[in-house]
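Here's the structure we're looking at; comments come further down.
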């Protein structure tokens, strides 16, 4: 394993089911990715408990390189999603220690690709800073699946994260995104924590222009997932029944 | 197969190797996705020849539901990448005919997810319009792999497609993107046709501020791929050797 060369930082995709009502892991992750994940003995993860659950799922289809209890799993510094991650540089160097010592190191988030709409980017930046190789492994991205499924412009788009929670600020932000989308002909994508999905959907239907196209994708890759894209005027006639436990991605494109 | 209900439009991911120097298909595509692709008898694709090559690769790991010559493969209307797709509504309805007649229909692009930085969005839009279910299947997205590998902000980013080819217009656009990135704290992603990679890289190093962070990811998921992210000042000291045949994704984030 360790020939004196530094290890790599492997960006390992997770499923999109958040471990509840799990889909077969081979439904969404490639065999080659599972094999590379199974071989890793060192991890930095968003959440250790769900990472162990992930490794059990991986181990069920391809043998792990070491017993689970011998695999080291460190957690990323906690930061509320949507806020900036803040941790001293020394924290990142400490997390990269296994790679600096010559071992490949996996980075895993709770769902989808690490460091995309998820923590981890600062670890990747620290890896580049330290001269480590960074190897992103193919896997599902909820944002891109939602974008592809929307039929909205996929040649020009932006992901803007979370909207403000306060009603007036959220309405102002929505009108701003709608104007920006119209001016730049740019699809605007955003997310919300699942239990606020219904409130956001209602706010969208209230605030947006009737002719704006709005896509909602919920539970992507899950058996009970759904997606639909139509004009706001049509959504108003048949509003979505938003589940409060499935992650959703929203996208709009204004005419 | 056909119980009177309409078929679905399945968005099928492709590998990122463009068929040359191919990686094992199971290195990047999930078993479940390969099985769903193998079962389809009707396709709309960016390019029929490469779609047949894709189906041969799929068939080598999971048996196709019908002999290749019995699978119908229609091509999307040609449009230069980066320009708007323009075809009459009747063209999209004709392409959706198999789904309207009750058969599942696959949409496939040359690489990665269809309808993301690739043609196909208008077919997806037409499917929604016709009331068809759209099912996006998990697969690699070069843009998201590049973003994850960059260590740049993955909570706020935009994909702006291709930059102008003319030198002055390109420089103006780069400064505009850099200013936008600084103002919005938004990572800006863009692509170029491979044979212009080196020219674009040189233009980036010339036009951007020394403190701007620039990521270049080339040949994602390929054995000879590489990626690196550092400040423009550091790139200037060790400029990238850009291959002229590997697709690349560029990303910048200004301080």
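Look through segment B:128-138, keep the residues that are within 18 Å of residue B:36 (Cβ to Cβ) and more than 7 Å from chain A (Cβ to nearest Cβ), and return whichever of them is surrounded by the most Cβ atoms within 10 Å (Cβ to Cβ).
Filtering segment B:128-138 for residues within 18 Å of residue B:36 (Cβ to Cβ) gives B:132-138.
Then keep just the ones that are more than 7 Å from chain A (Cβ to nearest Cβ); that gives B:132-133, B:135, B:137.
Numbers: B:132: 19, B:133: 18, B:135: 20, B:137: 26.
Filtering segment B:128-138 for residues that are within 18 Å of residue B:36 (Cβ to Cβ) and more than 7 Å from chain A (Cβ to nearest Cβ), the one surrounded by the most Cβ atoms within 10 Å (Cβ to Cβ) comes out as B:137.
Identify, please: which residue in segment B:148-171 is assigned to a helix (DSSP H, G or I) and touching a helix residue (DSSP H, G or I) at 6+ places or on another chain (Cβ under 9 Å) and is, among those, farthest from the other protein chains (Cβ to nearest Cβ)?
B:167
How many residues does segment B:11-30 contain that are buried (at least 24 other Cβ atoms within 10 Å of the Cβ) and touching a strand residue (DSSP E or B) at 6+ places or on another chain (Cβ under 7 Å)?
7
Given the criteria crowded, with 23+ Cβ neighbours inside 10 Å and more than 7 Å from chain B (Cβ to nearest Cβ), does residue A:113 qualify?
Working: crowded, with 23+ Cβ neighbours inside 10 Å: yes; more than 7 Å from chain B (Cβ to nearest Cβ): no.
Criteria not met by residue A:113.
Residue-by-condition table, conditions (1) surrounded by fewer than 16 Cβ atoms within 10 Å (Cβ to Cβ); (2) touching a helix residue (DSSP H, G or I) at 6+ places or on another chain (Cβ under 8 Å); (3) within 13 Å of chain B (Cβ to nearest Cβ):
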residue	(1), (2), (3)
A:32	no, yes, yes
A:39	no, no, no
A:67	yes, no, no
A:75	yes, yes, no
A:102	yes, no, no
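Given the residues A:89, A:121, which is the only one that is facing chain B (nearest Cβ under 8 Å) and without any contact (Cβ under 8 Å) to a residue 60 or more places away in the chain? Steps first, please.
Values: A:89 fails: facing chain B (nearest Cβ under 8 Å).
Among A:89, A:121, only A:121 is facing chain B (nearest Cβ under 8 Å) and without any contact (Cβ under 8 Å) to a residue 60 or more places away in the chain.
Just a yes or no: is a residue in segment B:42-65 under 20 Å from residue A:144 (Cβ atoms), out of contact with any helix residue (DSSP H, G or I) (no Cβ under 7 Å at 6 or more places or on another chain), in a helix (DSSP H, G or I) and more than 14 Å from chain A (Cβ to nearest Cβ)?
Yes, there is a match, as at least one residue in segment B:42-65 is under 20 Å from residue A:144 (Cβ atoms), out of contact with any helix residue (DSSP H, G or I) (no Cβ under 7 Å at 6 or more places or on another chain), in a helix (DSSP H, G or I) and more than 14 Å from chain A (Cβ to nearest Cβ).
All but one of (1) more than 24 Å from the chain's Cα centre (by Cα); (2) surrounded by 14 or more Cβ atoms within 10 Å (Cβ to Cβ) hold for residue B:240, so report the exception by its number.
(1)
Within segment A:204-213, restricting attention to residues that are without any contact (Cβ under 8 Å) to a residue 60 or more places away in the chain and buried (at least 18 other Cβ atoms within 10 Å of the Cβ), which residue is nearest to residue A:152 (Cα to Cα)?
The qualifying residue nearest to residue A:152 (Cα to Cα) is A:212.
Going through segment B:220-255 one residue at a time, which ones are in contact with a helix residue (DSSP H, G or I) (Cβ under 9 Å, 6 or more places away or on another chain), within 26 Å of residue B:21 (Cβ to Cβ) and assigned to a loop (DSSP other than H, G, I, E, B)? Break it down into steps so the answer makes sense when it comes.
We begin by selecting, within segment B:220-255, every residue in contact with a helix residue (DSSP H, G or I) (Cβ under 9 Å, 6 or more places away or on another chain); these are B:220-221, B:227-230, B:232, B:235-236, B:239-255.
Restricting the remaining residues to those that are within 26 Å of residue B:21 (Cβ to Cβ) gives B:220-221, B:227-229, B:239-251.
Of everything in segment B:220-255, those that are in contact with a helix residue (DSSP H, G or I) (Cβ under 9 Å, 6 or more places away or on another chain), within 26 Å of residue B:21 (Cβ to Cβ) and assigned to a loop (DSSP other than H, G, I, E, B) turn out to be B:220, B:221, B:239, B:240, B:241, B:242, B:243, B:244, B:245, B:246, B:247.
In the list B:91, B:127, which residue meets the criterion of being closer than 17 Å to residue B:10 by Cα and assigned to a helix (DSSP H, G or I)? Give the steps one after another, and end with the answer.
Working: B:91 fails: closer than 17 Å to residue B:10 by Cα.
One residue alone meets the criteria, B:127.
Does segment B:147-171 hold any residues that are free of Cβ contacts under 8 Å to residues at least 60 places away in the same chain, under 20 Å from residue A:143 (Cβ atoms) and either surrounded by fewer than 21 Cβ atoms within 10 Å (Cβ to Cβ) or not assigned by TED's automatic domain parsing to the domain that holds residue B:232 (or both), and which are they?
Selection gives B:156, B:160.
Could you look through segment B:172-199, keep only residues that are crowded, with 19+ Cβ neighbours inside 10 Å and in a helix (DSSP H, G or I), and pick out the one that is modelled with the lowest pLDDT?
B:197
Return a yes/no flag: does segment A:202-214 have any residue that is outside any strand (DSSP E or B) and more than 24 Å from residue A:176 (Cα to Cα).
No, because not a single residue in segment A:202-214 is outside any strand (DSSP E or B) and more than 24 Å from residue A:176 (Cα to Cα).
For residue A:252, work out the one condition from (1) closer than 17 Å to residue A:165 by Cα; (2) touching a residue at least 24 places away in the same chain (Cβ under 8 Å) it doesn't fulfil.
(1)
The values are calculated or read from the model by the stated rules, or taken from the named source; none is laboratory data. Bear in mind that the values here come from a model prediction, so they are computed numbers and not experimental data. Because the Cβ atoms are built from the backbone with ideal geometry, glycine has one as well, and the counts that use them run over all protein chains shown.
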